[in-house]
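S.K.: One structure is given below, represented as structure tokens, and several questions about it will come after.
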Amino acid sequence: MTPPSAASGETAAGGGAPDPQGRSLWQDAITRFRGHRAAMASTWVLGAIALLAILVPEFWPNSLDDVNWDYLESPPTTDNLLWFGTDVNGRDMFSRTFHGARISLAIGVLTTLVALIIGVAYGAIAGYRGGLPGDLMMRLVDVLYSLPALFFVIILVTVFGNSFLLIFLCIGAVEWLTLARIVRGQTLSIKEKEYVQSARAAGLSTPAILLKYIVPNAIGPVIAYVTLLIPINIIVESYLSFLGLGVQEPYTSWGRLISQGADEIGNAPWLLIIPASFLAVTLFCFNFIGDGLRDALDPKDRSR
Amino acid sequence: MLRYALKRLVVAAPTLFVIITVSFFLIRVAPGGPFDLIPNIDPAAAENLRKAYDLDKPLLEQYGNYLAKLARGDLGPSLAYRDRNVAELIAEGLPVSAQLGLTAILLGLFGGMLCGIAAALRKNSAADFTVMAIAMAGVAIPTFVTAPLLTLFFGLHLGWLPISGWSNGQFTHIILPVVALALPAMAGIARITRGSMLESLSADHVRTARAKGLPEWKVVVRHALRPACMPVVSYLGPAIAGAMTGSVVIETIFGLPGIGRAFVEGALNRDYSLILGIVIVYATLIILLNLLADMIYGWLDPRVRPQ
């Protein structure tokens, strides 16, 4: 057990206190992460939003599309639990905001998962294979980089339609480029390590080496980047929904709510301000957590 | 310098070619065609339309034809606006988008640098914290939130500025869209400038400049600013890409007749040839502007100047 004083600051995590028991890299990282106040606070806030996103759609008495005829475009009020007011059609914004949270967060996480799988596989293969094929693979990444992701996503969504699953796949299929670069860089140095050579000497197949030795050791910087990719993907989905190319009725997402709020901004500013605030807070939280993880997982960089 | 630019242009050509190819095949392998959106269309009529637009030919032949036409500057007919061709539509929208985008980039660059320098010179003052807090918000809050908020305040609440439309680029109509589009770039550049100014203000050569008794403004402008510009210039590439993405949203919100809005309408109408044409224009612009940013970088820092 770490004494409480040791957990309180980054100096202790730096290894100043003598520790009789060995600590793993991950335990170290967790201690350092806990010392990062903004990241810890963000974790709690994000956890609360995620919990509400899970619970509100299930248990809230006003559902997503119940129309409150007496409260059309009503500002926030305590009547009928309409805490966030209602939209043009008298639908409860509290319920809609957290339905939107559910979809925005789900899209953020799942698209990142798709990007993670593609990016890690592509980067590890390009780095491990090396040579001309590896270089060509990375040249393709460079080329795709030259156009902003949103344009490719819009093409994909236009072409393949904007059903739910396809939006996940489309955003994920575009946002893997940076991950591929990070993993390739890591792989290039890892593949020269002795344990990889010994694995090769022991006759392990290339896929096994990649899965067992390369990817687990390259994952540190990847995790930090992933927490930054989730908010990027949430924004991409919001852009799509805002432009009318994202999720469609009856579903809703923060981008869609903001788009509907923007139309009514003169009469009902809360329709824009509430979902926009939740979106902004969520983005901030992910950024702080990403910073915290980067500091925690990269001991070389600890001096900052 | 000229040779370097030419060399970069030679490298840029295959990049553009790959983007055109990838986009072309992505769009053409799609299930369903652009004419599926016409309600109750007769299958025979749809077939005729496909024939009229050469969509029934083998894919490779279509691709070859497209490239051959493209080399002559012909981007093909628009599939949604039946009597227009893509080149015309782009020629109409591009000046609007260019005016919007360039003004926003310049505002973001100079506004951001001024804020960043001011914040760095008064480090840890109230002004510094204000600028940095606004910059943080500007980086994190997407344009589709700031634009309606700006409209609400300056357009509807104060009534100072028109809230939509272009009116041939009239000054009052252009202010709100340009500011909304410039904010993220301005915020990013302010943060970067502040950081690099703080670094260069404590550098040895600046201390020397102060020691020899130069007036403060000369120290800042002549000695501290030049090295502090480097990170800003390398941020220009991402800032330009961000402004292009942002312009799609801004043009839609403010109803400006630029290519960004045409792109979104093309996507909603499945106007494949229009989308492809606009992507090509965007890609070309981004490659050229990045080249320009790199050349400015080389001009500012002789060490990276190619021999």
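S.K.: Can B:Ala243 be described as under 28 Å from B:Gly195 (Cβ atoms), in contact (Cβ under 8 Å) with a residue 60 or more places away in the chain, in a helix (DSSP H, G or I) and at the interface with another protein chain (Cβ under 10 Å from one of its Cβ atoms)?
M.R.: Criteria met by B:Ala243.
S.K.: Residue by residue through the range A:115-130, note down the ones that are at pLDDT below 90 and either open to solvent by 50 Å² or more (accessible area, probe 1.4 Å) or among the β-branched types (Val, Ile, Thr) (or both).
M.R.: The one that is at pLDDT below 90 and either open to solvent by 50 Å² or more (accessible area, probe 1.4 Å) or among the β-branched types (Val, Ile, Thr) (or both): A:Arg129.
S.K.: Any idea how many residues of the range B:259-271 are open to solvent by 10 Å² or more (accessible area, probe 1.4 Å) and assigned to a helix (DSSP H, G or I)?
M.R.: Qualifying residue count, the range B:259-271: 5.
S.K.: Can you tell me which of (1) within 11 Å of another protein chain (Cβ to nearest Cβ); (2) under 22 Å from A:Pro148 (Cα atoms); (3) not hydroxyl-bearing (Ser, Thr, Tyr) is the one A:Cys285 doesn't meet?
M.R.: (2)
S.K.: Restrict the check to the range B:106-124 and report whether at least one residue is surrounded by 20 or more Cβ atoms within 10 Å (Cβ to Cβ), at pLDDT 85 or above, within 17 Å of the chain's Cα centre (by Cα) and closer than 30 Å to B:Leu274 by Cα.
M.R.: Scanning the range B:106-124, I find at least one residue that is surrounded by 20 or more Cβ atoms within 10 Å (Cβ to Cβ), at pLDDT 85 or above, within 17 Å of the chain's Cα centre (by Cα) and closer than 30 Å to B:Leu274 by Cα, so the answer is yes.
Conditions (1) part of a loop (DSSP other than H, G, I, E, B); (2) in contact with a Pro (Cβ under 9 Å, 6 or more places away or on another chain); (3) farther than 26 Å from A:Ser259 by Cβ; (4) modelled with pLDDT under 75, marked per residue:
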residue: A:Gly16; (1), (2), (3), (4): yes, no, yes, yes
residue: A:Ala29; (1), (2), (3), (4): no, yes, yes, no
residue: A:Val45; (1), (2), (3), (4): no, no, no, no
residue: A:Ile49; (1), (2), (3), (4): no, no, no, no
residue: A:Leu52; (1), (2), (3), (4): no, no, no, no
residue: A:Pro61; (1), (2), (3), (4): yes, no, yes, yes
residue: A:Glu73; (1), (2), (3), (4): yes, no, no, yes
residue: A:Thr97; (1), (2), (3), (4): no, yes, no, no
residue: A:Leu110; (1), (2), (3), (4): no, no, no, no
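S.K.: Here is a check on your reading of the model: is B:Thr130 part of a helix (DSSP H, G or I) and either among the acidic types (Asp, Glu) or within 14 Å of chain A (Cβ to nearest Cβ) (or both)?
M.R.: No; evaluated as a whole, the condition is false for this residue.
S.K.: Then there is this: Just to check your reading of the model, which residue among B:Trp160, B:Trp166 is more than 14 Å from chain A (Cβ to nearest Cβ), surrounded by 15 or more Cβ atoms within 10 Å (Cβ to Cβ) and farther than 25 Å from B:Val220 by Cβ?
M.R.: Criteria check complete, one pass: B:Trp166.
S.K.: Does B:Ala209 fit the bill of being small (Gly, Ala, Ser) and closer than 26 Å to B:Ala293 by Cα?
M.R.: Spelling it out, it is not the case that B:Ala209 is small (Gly, Ala, Ser) and closer than 26 Å to B:Ala293 by Cα.
S.K.: Follow-up question, since we're still on this one. Out of the residues in the range A:253-287 meeting the condition of being without any contact (Cβ under 8 Å) to a residue 12 or more places away in the chain and not in a helix (DSSP H, G or I), tell me which one is least open to solvent (accessible area, probe 1.4 Å).
M.R.: Checking each candidate, the answer is A:Ile265.
S.K.: Could you tell me whether B:Val248 is open to solvent by less than 50 Å² (accessible area, probe 1.4 Å), closer than 30 Å to B:Tyr66 by Cβ and facing another protein chain (nearest Cβ under 9 Å)?
M.R.: yes
S.K.: Please count how many residues of the range B:266-279 are more than 10 Å from chain A (Cβ to nearest Cβ) and either under 15 Å from the mean Cα position of the chain (by Cα) or not polar (S, T, N, Q) (or both).
M.R.: Final tally of qualifying residues: 2.
S.K.: Next question, about the same structure. Taking the range A:206-222, which residues are modelled with pLDDT of 85 or more, among the hydrophobic types (A, V, I, L, M, F, W, C) and open to solvent by 10 Å² or more (accessible area, probe 1.4 Å)?
M.R.: A:Ala208, A:Leu210, A:Leu211, A:Val215
Every residue, every condition in (1) open to solvent by 10 Å² or more (accessible area, probe 1.4 Å); (2) of a type in the set (A, V, I, L, M, F, W, C), yes or no:
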{"position": "B:Asp204", "(1), (2)": "yes, no"}
{"position": "B:Ala211", "(1), (2)": "yes, yes"}
{"position": "B:Glu216", "(1), (2)": "yes, no"}
{"position": "B:Val220", "(1), (2)": "yes, yes"}
{"position": "B:Ala224", "(1), (2)": "no, yes"}
{"position": "B:Val232", "(1), (2)": "no, yes"}
{"position": "B:Thr252", "(1), (2)": "yes, no"}
{"position": "B:Pro257", "(1), (2)": "yes, no"}
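The values are calculated or read from the model by the stated rules, or taken from the named source; none is laboratory data. The shown structure was predicted, so the numbers you read here are calculated from the model rather than taken from an experiment. When we count neighbours, we look across all protein chains shown, and the Cβ atoms used for this are built from the backbone with ideal geometry, even at glycine. For the accessible areas, the whole protein counts, side chains as well, though only heavy atoms, and no ligand, DNA or RNA atoms are used. Shrake-Rupley method; radii C 1.70, N 1.55, O 1.52, S 1.80 Å.
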